[in-house]
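The values are calculated or read from the model by the stated rules, or taken from the named source; none is laboratory data. Note that this is a predicted model, so its numbers are computed, not measured. Neighbour counts are summed over all protein chains in view; Cβ atoms, including those assigned to glycine, are modelled from backbone coordinates with ideal geometry. Remember, those area values only see protein heavy atoms, side chains included, never the ligands or the DNA or RNA. Shrake-Rupley method; radii C 1.70, N 1.55, O 1.52, S 1.80 Å.
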Amino acid sequence: MSVNLSSASTMDVPRGLAGVVVADTEVGDVRGREGFYHYRQYSAVDLARTRRFEDVWHLLVHGELPDARRSAAFAAETAALRGLPEGVAVALPALAAAAGAGANPLAGMRTALSLLGAAKGFRPVYDVDADRRREDTVVAAAAVPTLLTALYRLGRGLAPVEPREDLPYAANYLYMLTGVEPDPERARAIEQYLISTIDHGFNASTFTARVIASTGADVAACLVGAVGALSGPLHGGAPSRALDTLDAIGTPDRIDPWIRERVLAGERVMGFGHAVYRTEDPRSRMLREIARRFGGPRVEFAVEVERHVEAILAELKPGRELHTNVEFYAGVVMELCGLPREMFTPTFAAARVVGWSANILEQAADSKIIRPVARYVGPGAPVEVPAAA
Ligand SMILES: CC(C)(COP(=O)(O)OP(=O)(O)OC[C@H]1O[C@@H](n2cnc3c(N)ncnc32)[C@H](O)[C@@H]1OP(=O)(O)O)[C@@H](O)C(=O)NCCC(=O)NCCS
């Protein structure tokens, strides 16, 4: 048996790094037991209730809420960055075609973001000062809705819709998706959803962004990695699945048998459970309120499903405290606002890109690379390498 010399300086941590503190942050925090989360010193839900998306973006990347003058200036600055460089715009039809008709635009966006970073001359965060890093995050985040909506439309045989500088971030996003200026109630509902999902602790995509930032790579590289992590169904890929669940259940009388059968078979009910919250997810509460503002049979059915599933999970998974997470009502709200299901996770990305930005900036200011170790559990080494046949 070989001796692992590095083991003398290692320590074990829980699976999935649960509960392990790996950084100090001023970006925000999630208090799972209280059901509370915040961006810097403000309740995220209060920000979503009272502020514009651009103001919260400013808070995240500049560290403070802007005054009225600064708010208008930042909104204008970001709106002016929505257009795409020619070299990126001409690549989008090929990316959409490669992904196939009707595809979710997230995969194409990863590639397009890489191109955008190159076209805009992004340099390794290690090599540039804090102002330039911040500028690069703003340039990238401002272009994300344009990339997503253009790829979505191209994948359906439609021409991209040019961004409008006179519309706020959320309204412009919906406009670029449909080509029609959204009604204010829907635009505000999506804006509130976007604000509420900007950041949420050291989730997998944020951690990924920070790991890449810790290597000194450029902002586009950090964001592309983060988008990849977000796309997984255990992270950002669930809202359309939560709606699929509502569709599959169909009617109130089928809730009970449908859910029991799945949970007893070891399956997870999408839109329920959270790695950190052990009480109601505050985002879910806010989004339920927004859904109820619209009302209608779909919303009533979702509320009914929530009530039943919580009771069944409490019975079948006692002590686990499984409630709706952000994705359950996010799906309902996005559907009410006319967003197609393939755009649910991309829309999440259009918000989270701001949280990733703040985390990348914070990580880039720290020169320590994130580099844990793994326990080797394979066959004992070294074994003589067999001669090539
Ligand atoms: C989000 C999630 C990955 C968090 O997982 P986690 O905190 O690591 O929880 P665990 O995987 O340790 O699960 C603990 C127990 O609860 C069960 N559980 C967790 N979420 C469940 C769900 N949605 N439906 C049914 N059972 C669930 C697990 O099966 C496990 O049961 P066991 O102890 O009998 O094995 C998990 O709740 C999940 O898969 N939810 C569905 C997907 C989803 O909605 N994702 C969006 C997240 S915002």
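Before moving on, here are some points about what is shown:
- Of the accessible area of the range 265-389, computed with a 1.4 Å probe over protein heavy atoms only, carbon and sulfur atoms account for 56 percent.
- Extreme residue, positive dipole direction of the range 239-336, given options 328, 276, 243 (C-beta unit charges): 276
- Alpha carbon centroid spacing (whole Å) that separates the range 285-346 from the range 236-265: 11
- Basic side chains Lys and Arg get +1 at the Cβ, acidic Asp and Glu get -1 at the Cβ, and with that the dipole of the chain about its Cα centre reaches some 360 debye.
- Where the chain is the region considered: accessible area per residue in Å², 1.4 Å probe: 47
- A simple packing score, the average count of other Cβ atoms within 10 Å per residue, orders the peptides 346-356, 366-376 as 346-356, 366-376, with the highest score first.
- Distance from the alpha carbon centroid of the range 113-144 to that of the range 64-106 works out to 13 angstrom.
- Take the Cβ atoms of residue 365 and residue 311, set R0 to 45 Å, and the FRET efficiency comes out at 0.45.
- Cβ crowding within 10 Å averaged over residues, with 31-43, 64-76 ranked highest first: 31-43, 64-76
- The local environment of residue 202, defined by Cβ-Cβ distances under 14 Å, has a net charge of -2 under the rule Lys, Arg +1 and Asp, Glu -1.
- Cα-based shape type of the range 239-336, given that a ≥ b ≥ c are square roots of the gyration tensor eigenvalues and the cut on a/c is 1.5: oblate
- With all protein chains in place and ligands, DNA and RNA left out, the 1.4 Å accessible area ranks 133, 262 as 262, 133, largest first.
- Residue 320-residue 178 FRET efficiency (beta carbon distance; Förster radius 45 Å; 0.05 resolution): 0.65
- Extension gain for residue 24 to residue 376 (0.36 nm times residue separation, less C-alpha to C-alpha distance): 123.8 nm.
- Neighbourhood net charge (14 Å Cβ-Cβ; Lys/Arg +1, Asp/Glu -1) for residue 264: 0
- Test item: Cα-centred dipole of the range 239-336, Lys/Arg +1 and Asp/Glu -1 on Cβ, debye: 240
- Net charge of the neighbourhood of residue 64, taken over other residues with C-beta under 12 Å away and scored Lys/Arg +1, Asp/Glu -1, is -1.
- Average Cα contact separation per residue, the range 239-336, under 8 Å, 6 or more apart, as relative contact order %: 45
- Here is how the number arises for the chain: DSSP H runs of 4 or more residues each give -39500 (n - 2.57), the sum is divided by the residue count, and the result at 222 nm is -17000 deg cm²/dmol.
- Value of relative contact order over the chain, rounded to a whole percent, pairs C-alpha under 8 Å and six or more apart: 23
- Residue 17 accessible area, 1.4 Å probe, all protein chains in place, Å² to nearest 10: 70
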